[in-house]
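Quick one: the structure is below, questions incoming.
Nothing in this text is a laboratory measurement; each read-out follows from the coordinates by a stated rule. Given the structure is predicted, the values throughout are model-derived calculations rather than measurements. FYI the Cβ positions are ideal-geometry reconstructions off the backbone, even for glycines, and counts take in every protein chain you see.
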Amino acid sequence: MRKKLLKERIMKRQTGNYIIVTLSALIMVLTVYIGTSWLKRVKVDMTEEKLYTLSDGSKTILGKLNTPLTLKLYYSKTSANKGTEGLRTFNNYFFYVRDLLEEYVAHSRNNLKLEVIDPRPDTKEEEDATTFGLKKFQLTETEKYFFGLVVENNVGTEKVIEFFDPGQQENLEYDVTRLIYSVINPRKKKVGILSPLPLLNEKLTPYMAQLMKMQGKPAKESWIITKLMKEFYDVSKVEEDTEKISGLDILLIAHPKKLPEQTLWAIDQYVLSGGKVLLFVDPYSIVDNVLSRGRPGADKKSNLKKLMAKWGVELEEGKLAGDRYLSGIGRMNARMQPQRLLPLLECDQRCTNTHKDAISYKLGSMTFLYPGSLIVLDKEQKEKKIYPLLSTTEKGNSYKFSTWKLSDPKFLWDDFKEGKKPVQLGYKIVGKFESAYPEGVQVKRKGKDKKEKEVLLTGLKKSSKETAIIVFSDVDFIHDQFSFKTTIFGVSLNNDNSTLVLNSLEQLSGSKELMEVRSKGRFNRAFDVVNKIEFESEATTAKKVAEINTSIEKFEKELEQLGRMVNEGNIGLIQNEGIKKKKELTKRIALLKGELRDVKRKGREKIEELGSNLQYLNTLFMPSLLFIFGIFFHFKRKKGIKKDS
């Protein structure tokens, strides 16, 4: 009887165990199913820059979608896996692009569909990728490599990203959102360009430019920033002698030099009638200097002093903006050693984040050359508000310059005096304005008899409605050389220069959603301690280089003097003296070069030591914290046990 009861008890226990195992397996399967289907959209982005989280601008644009779109992501994964190690690294970037596109689909209210396509050789998918215009790279005789995106709507309109460059990861969300935005907003706003610089060449089509390049002929194409603008705007040229500006959403004025009164009048009336302006003035344009071939007497500066006075801001005459802590490294000519240049400003988030304006906020890498200083004329503005967009650090200052001073970077650096407040490089002005020509302006016109007559042009004396003007104190920063770079994948952004321009245009045109996307930007954090070490090292290095150059010059002068003393009787003696002095110079230069290496090494070691200390601190911080908490809770628990006992 006892054996029977024991056997039944064992059977019940085994049955219970089987039930528990079965239920556990069922719960696990259901958990996986719920996690992969119901909770698929529940994600936590732990990255510092929120790389997997869409910005509010992207979400707003997706919320306006009312027509189905198909996202076709072409990636030659099979070809990449067969290729080199360098090519296989693109797989990681592909996963990031795919994950981000899935975020777009998740926020599209079922209006977006994602298709991931691996175009294999001799297939319809490969043919489609080529037809859409995606960039292809020939890996072998048969294998081609594609990595691009096509956005299609149900009526056959398509927009493409030809190739995803991993070096442009920070602009990925903007590029994708721009494509979607351009599909759902086909009408382009009109931008007119008024400039003596060749920003826009309307006569040269892309086909003609390509043809001329193939023939080895120089093609004077539009600047890349203008080509980029054409993706979003209907861009046209405004003549420099125009009397009337109309039919534009935005007027872009770049480097206005010696404009005739009738053109200034036209700009004045355009603003008073509610027209929006993006203005680039410059106290010294290096691009203009190159285009004018450095002709003596050629005017390199630009201003709209009379009009800007009515808008409430002014460009300081004969002054540049400088900041040692933002200075870039470069050289004035090929013979000069690379060094810190005061007129070259490498702006990071210290220039933008204090202003909290969506145009410039979070932009962390911009390059300006010989920028000017903007000042507000009257802080008590009643009918307009003036917002700073861009500035130096608090140690920046404006300084007077002349052509000969600009050719001597050491003099500029030593002569510069640090300031106590930032120098402003950009302003946004919003409100109503008064005319700079309340009595009108006299212009000359040809009558029917072909004789010139003076005619009085009159118009608005005050703004009819509120408008906006954005002013920057540099024009060189929008040029191809300082904004873009050419890689094996084509032209790409070099920094945030073009982003700043497009942000400005988008705010003026009202495209706030796109601007919010772009303003995520890129961070290039500066380290003040590192900067200080570099400055000290560079100053000592420059001193040693100067000593070496002085020694060489002294040797050359002594050789020259010896050369004058040469005659038939003492030529052997002079040659021996020259050889002796040359040996002395060689020893002296070797000694100075050794000291120079020591200075550079010590500066580098200081920076490396700082980095190592920070790394150790970062590595040990969390374990130390856990150790301290562990000891604390151990003693707390021990104390509690003693109390209970």
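The range 384-449 to the range 252-281: how many Å between their Cα centroids?
Each part reduced to its Cα centre gives a spacing of 15 Å.
In addition: Name the residues of the range 58-82 whose amide N is less than 20 Å from a point 7 angstrom out from the Cα of Glu127 along the C-beta direction?
Answer for the range 58-82: 72-76.
Using a 7 Å offset from the Cα along the Cα-to-Cβ direction at both Gln337 and Gln168, what is the distance between the two label points in nm, to one decimal?
The answer from the label model is 3.8 nm.
Mind checking the full-extension length gain between Lys420 and Thr403? Use 0.36 nm per residue of separation minus the Cα-Cα distance, one decimal, nm.
Between Lys420 and Thr403, full extension yields an extra 3.5 nm.
Tally Lys and Arg at +1 and Asp and Glu at -1 over the other residues with C-beta under 9 Å from the C-beta of Gly396: what net charge comes out?
It works out to a net charge of 0.
Describe numerically, in nm with one decimal, the distance between label points set 7 Å from Cα along Cα→Cβ at Glu439 and at Ala106.
Going from the Glu439 label point to the Ala106 one covers 6.8 nm.
In addition: Which shape class, rounded, prolate or oblate, goes with the range 266-385 when its Cα gyration tensor gives a ≥ b ≥ c as root eigenvalues, a/c under 1.5 marks rounded, and past that a/b bigger than b/c marks prolate?
It comes out oblate by the Cα gyration axes.
Figure the gain on full extension for Ile19 and Thr84 (residue separation times 0.36 nm, minus the Cα-Cα span) and round it to one decimal in nm.
Computed gain between Ile19 and Thr84 is 18.2 nm.
Cα gyration tensor of the range 219-335, axes a ≥ b ≥ c as square roots of the eigenvalues: rounded (a/c below 1.5), prolate (a/b > b/c) or oblate?
Since a/c reaches 1.5 and a/b is larger than b/c, the shape of the range 219-335 is classed as prolate.
Given labels modelled 7 Å from the Cα in the Cβ direction, how far is it in nm from Val491 to Glu466?
Label at Val491, label at Glu466, 3.7 nm between them.
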